[in-house]
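Down below is the structure, laid out as structure tokens.
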Amino acid sequence: MDDNRALRPVVYRSDRALMADLSGSVRLWLSLLRRPITFWARPHVLPEDLRQRFAQRQRPICYVLEMHSVADVVVLEKVCAATGLPEPLQPLRPPLPARSVFFLERFAGFWGDRIDPRISDELRQLVNVAVADPALDADLLPVSVFWGRAPRNEGSWVRLLLSENWDRVGRFRRMLSVLINGRNLFVQFGEPVALRSMVDGTADPSRAVRRVTRTMRSSLSRQRAAAIGPDLSHRRTIATQVLRAAAVRRAMSEEMRAKKISRPEAVRQAQKLIAEIAANYSNVFVAFLARLLSWVWTRLYDGVELHHFDKVRQIADGNEVVYVPCHRSHMDYLLLSYVIYYKGYAVPHIAAGINLNLPVVGSFLRRGGAFFMRRSFKGNALYTMVFMKYLGLMMARGHSIEYFIEGGRSRTGRLLQPKTGMLSMTLRSFLRDPRRPVVFVPVYFGYERVVEGKTYIGELSGQPKKKETVLGVIRALGALREHFGKVHVSFGEPIRLNDLLQRHAPTHDSTKPEKDERPAWLTPVVSELAMSIMTNINSAACATPINLLALALLATPKQAMLESDLTRQLELYASLLRQAPYSPLVWITDMDGTSMVKHGERMLLLQRLKHPLGDVIRMSEENAVLMTYFRNNVLHLMAMPSLIACCFLNNRTMTTTDIQRLMWRTYPYVRDELFLRWTEPEIPAVVQEVLDDLANHGLLEYSVAESVWRRPPTGSNEAVQLSVLAQVTVQIIERYYLVIAVLMKAGSGRISQDVLESQCELMAQRMSMLHELNSPEFFDKVLFKNFIDLLRERRVLIVNSEGRLTYSELLTSVADDAQLVLHEQIRNSVLQVTHR
């Protein structure tokens, strides 16, 4: 992530008219400071495509700065010269003002320690001319100059203390900031606003001037909030606002009645709760942490790759942004905050589990923007109301929020089923006080190794989850000596809350508070929002060499392949993903098969067994278990090609109709498990596209004469590739078949769901031991529960009055289709375990 390339030197006109209208003191300071500041300042400019964005503008451009500052004008001159924009001091054509830069405020007093907010004469002149001449128009372009905001690796405590914030500073402080942070500079151009759009409809020049000024102040304020965060008052002030809220006071009254305590005691309890929850955000600490993390990432990773950050840039201004990433590792918190800060935006406030509120560590996390929440709110109405009011206050003040809707870190590499508590509270907070539109930004993390890898293996093997401790944090520092490859941070398609509300509650007015605390449409909105977030996270996945190696080798009995076969399989997967991409946002490695194998060896994940007829590439047993994590990260990308390949494990030919029926039968359950992006009506077209893609790669052949799809001849390279591809998802089908086999053996109305889940878990464990399945999620009880829940939801299973599961002939049809797909040996393995 390199900074903008150095801006070229400014070439100034000799025309004296450029400064003719400036006061003598301003002209003097410009003459003295222009060249030193031009030499010293190294601005980082956003948006990065500034030249292309404004190249075709026909209307004159007028720059609007927040503060009358010679240093800011010089920096603006430098940026304009480098990007080909009009010079800010060039004269506009009469009767417009004699320069194209305007200021909303200026320093007052000898030391400049007071602010004069009076509207400038030049801006009044511009607006008056526009009111008088309906044919005249110009673009007002808000520009923010932040001294000390641009993220850099160099720095010191002095630079941090003089960095930009919401405090109004005088001339002396600004001079120090220019000297210290001149090479740590951030310039942000907002969206231009047509002058005519602000003055049309009013014949009163004074009113038009106020409207233009108000619009520009609002734009610049949004830019400042996006860059350095909103103007957060002292933590005690925020706590006071929470405790004064009517809803919190009502909750305290209920607490007094329920527990028979005095009002002072109830107030003390509420104060303890807000102290437990609230962040203690510090710009200085965040800037220091950014520099520390730059060093940490250099030690841990080969690089941090960022994808689709333009999705954030498009919605940052004017919206309440809620980041909703997947949760792979404790590094997620730090990585997301780091890349957001690096790109010039305020780091979000992060909802962290109370288990991370450790001595010292918790204090640091609070200063970085973390606020803490308990695992369960049940039975504590006062805590729930205090937390909701704090969350609502943060949103109302415009600070971006971040939380993980999976609840905890995924130990298997799959996305976990979403927990909707935080989403529900976010929506209710918005409905109670709809200050600005809410936009959810899904984020995908793709690691080549995770710091907690060995811990995850232990937990999946049955070891109890270790509690976070300060000693554990200290021990984790040893990871700095290890190598973890690259890490990818990919931003998915944003989800606008108002779009969901319009579908589910078309009569709801998003600009007015909702009177009903829990409207009937709230639950459906939350459910759809949760599924959309998970789907959009997966749609922004990154297929790294490690992911593809895991997909290929874990599909073989001994996690071993000839190097030539492995290379072909890896290139097949990459080609399938490129030619029929899962989604436009998916990133695929550009390495060829040989390079991927070498990369896996460098990462110490592969072993090479030398042999005269060709080397064998394999994984150790421990690495095979660990690599299931990285296979599961991208399992959804290969799900449809693999499921279609499964149809040919037990069949040499199949008709399109049979393939479509099997996919129609299987897809709803796989979609729910892997959060696939297509709706059920879209499946026929998707299946046809994948069939054509497999045919283009020689893995299938369509016989027009027989109207069937045919697999390659047995023993051919293509037949081997198709078989390995099928093994990617065959364990999912096995798990479904196991549930059906246990049900049918027990009989309709003979077994409850709890018993069925427990029996399936035990039998899957037994199968895993008998057949050496290095896949811990194969016997994950949660996956069995989710599958059975979906069978009930789709009315394949029904719970009778005794709480037992009944089924109809439809389940028999499902079993018959499973037999059509699964090889006889696999079916016998499942039936053998269940009958015993």
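The values are calculated or read from the model by the stated rules, or taken from the named source; none is laboratory data. The model shown is predicted, which means the values in this text are computed figures rather than measured ones. In this analysis, Cβ positions are derived from the backbone assuming ideal geometry, glycine residues included, and neighbour counts consider all displayed protein chains. Surface accessibility is based on the protein's heavy atoms, side chains included, excluding ligands, DNA and RNA. Shrake-Rupley method; radii C 1.70, N 1.55, O 1.52, S 1.80 Å.
Some notes on this structure:
- Of all the numbered requirements in (1) over 21 Å from the mean Cα position of the chain (by Cα); (2) part of a helix (DSSP H, G or I); (3) within 24 Å of Val242 (Cβ to Cβ), Val286 misses one, and that requirement is (1).
- Note on region 717-749: residues that are open to solvent by less than 30 Å² (accessible area, probe 1.4 Å) and closer than 20 Å to Tyr573 by Cα amount to 10.
- Options Leu722, Leu805: the member that is touching a Lys or Arg at 6+ places or on another chain (Cβ under 7 Å), hydrophobic (A, V, I, L, M, F, W, C) and at pLDDT 90 or above: Leu722
- Residue count, region 431-454 (criterion: open to solvent by 30 Å² or more (accessible area, probe 1.4 Å), within 27 Å of Ala540 (Cα to Cα) and either at pLDDT below 80 or in a helix (DSSP H, G or I) (or both)): 1
- Members of region 385-406 that are in contact (Cβ under 8 Å) with a residue 40 or more places away in the chain and open to solvent by 10 Å² or more (accessible area, probe 1.4 Å): Met385, Lys389, Gly392, Leu393, Met395, Arg397, Gly398, Ser400, Phe404
- Residue match in region 365-379 (condition: touching a residue at least 40 places away in the same chain (Cβ under 8 Å), surrounded by 18 or more Cβ atoms within 10 Å (Cβ to Cβ), of a type in the set (Lys, Arg) and under 29 Å from Leu674 (Cβ atoms)): no
- One residue stands out in region 567-578 among those that are in contact with a Leu (Cβ under 9 Å, 6 or more places away or on another chain) and in contact (Cβ under 8 Å) with a residue 60 or more places away in the chain: the one that is surrounded by the most Cβ atoms within 10 Å (Cβ to Cβ), namely Tyr573.
- Within region 579-616, the set of residues being in a helix (DSSP H, G or I) and buried (at least 17 other Cβ atoms within 10 Å of the Cβ) comprises Gly593, Met596, Val597, His599, Gly600.
- Apart from one condition, His330 fits all of (1) modelled with pLDDT of 90 or more; (2) within 22 Å of the chain's Cα centre (by Cα); the exception is (1).
- If you check Glu514, Glu493 for being open to solvent by 20 Å² or more (accessible area, probe 1.4 Å), at pLDDT 90 or above and not in a helix (DSSP H, G or I), only one passes: Glu493.
- Residue match in region 752-760 (condition: surrounded by 14 or more Cβ atoms within 10 Å (Cβ to Cβ), in contact (Cβ under 8 Å) with a residue 60 or more places away in the chain and within 36 Å of the chain's Cα centre (by Cα)): no
- Residues located in region 634-655, provided they are touching a helix residue (DSSP H, G or I) at 6+ places or on another chain (Cβ under 9 Å) and open to solvent by 40 Å² or more (accessible area, probe 1.4 Å): Asn650
- Test: residue in region 216-239 that is closer than 30 Å to Asn128 by Cα, in contact (Cβ under 8 Å) with a residue 12 or more places away in the chain and open to solvent by 40 Å² or more (accessible area, probe 1.4 Å): yes
Residue by residue, here is whether (1) in a helix (DSSP H, G or I); (2) of a type outside the set (Gly, Ala, Ser); (3) closer than 23 Å to Ile537 by Cβ holds:
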| residue | (1), (2), (3) |
| --- | --- |
| Val312 | yes, yes, yes |
| Ser329 | no, no, yes |
| Asp332 | yes, yes, yes |
| Gly344 | no, no, no |
| Leu382 | yes, yes, no |
| Met385 | yes, yes, no |
| Met395 | yes, yes, yes |
| Ile405 | no, yes, yes |
| Gly408 | no, no, yes |
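- Those residues of region 668-695 which are under 24 Å from Phe778 (Cα atoms), open to solvent by less than 10 Å² (accessible area, probe 1.4 Å) and in contact with a Phe, Trp or Tyr (Cβ under 8 Å, 6 or more places away or on another chain), in sequence order: Leu676
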